[in-house]
Amino acid sequence: IRQKLTSQSVKIRADIECACYGYEGIDAVKTALKAGLALSTEELPIKINLIAPPLYVMTTSTPEKQSGLDKLDEAIKCIESSIKELGGVFKVQMAPKVVTATDDVELAKQMEKAEEENLEVSGDEDENENEGI
């Protein structure tokens, strides 16, 4: 009975695009994402995963739905101000929302698809490599 009465932890997810095409480049993106991760606590752990550049997924799990949404919003604002300060671009693809198991499956498929697209295919190699010799 005690297990049934304890509040279940909810998973909250947000999709963001974060990129910098200036001199700082990837270092600016790393700095901005680390600024967002700095808001992570033991009670509200924030994770940021790369789907395919420049798309990232931010997730957290918490029994308190509203505090989780607020914390993820705060982290997004922190990342946005940090990347814009460094000359990058930022866009929220999907605002923070509570996700279900089906959403998790969809995310896994999306990450798998992006991984497949990044694999080299035989057509990527230069067929005329030996011609100038």
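The values are calculated or read from the model by the stated rules, or taken from the named source; none is laboratory data. Just so it is clear, the model here is predicted, and its values are computed rather than measured. Please note: Cβ atoms are built from the backbone with ideal geometry, for glycine as well, and neighbour counts cover all protein chains shown.
Looking at (1) farther than 25 Å from Val99 by Cα; (2) modelled with pLDDT under 90; (3) not basic (Lys, Arg), find the lone condition where Val10 falls short.
(1)
I need a count of the residues in region 15-64 that are under 27 Å from Val105 (Cα atoms), in contact (Cβ under 8 Å) with a residue 60 or more places away in the chain and either outside any strand (DSSP E or B) or of a type outside the set (A, V, I, L, M, F, W, C) (or both).
3
Would you point out the residue of region 20-37, among those that are loosely packed, with under 13 Cβ neighbours inside 10 Å and of a type outside the set (D, E, K, R), that is nearest to the chain's Cα centre (by Cα)?
Among those that are loosely packed, with under 13 Cβ neighbours inside 10 Å and of a type outside the set (D, E, K, R), it is Ile26.
Looking at the structure I just gave you, is Ser81 surrounded by fewer than 17 Cβ atoms within 10 Å (Cβ to Cβ), in a helix (DSSP H, G or I) and out of contact with any Gly (no Cβ under 7 Å at 6 or more places or on another chain)?
yes
Inside region 73-88, can you point out the residues that are under 9 Å from Gly36 (Cβ atoms) and in contact with a Ser or Thr (Cβ under 9 Å, 6 or more places away or on another chain)?
Within region 73-88, Ala75, Ser82 qualify.
In region 87-113, what residues are of a type in the set (Gly, Ala, Ser) and either in a loop (DSSP other than H, G, I, E, B) or at pLDDT 75 or above (or both)?
Within region 87-113, Gly87, Gly88, Ala95, Ala108 meet the criteria.
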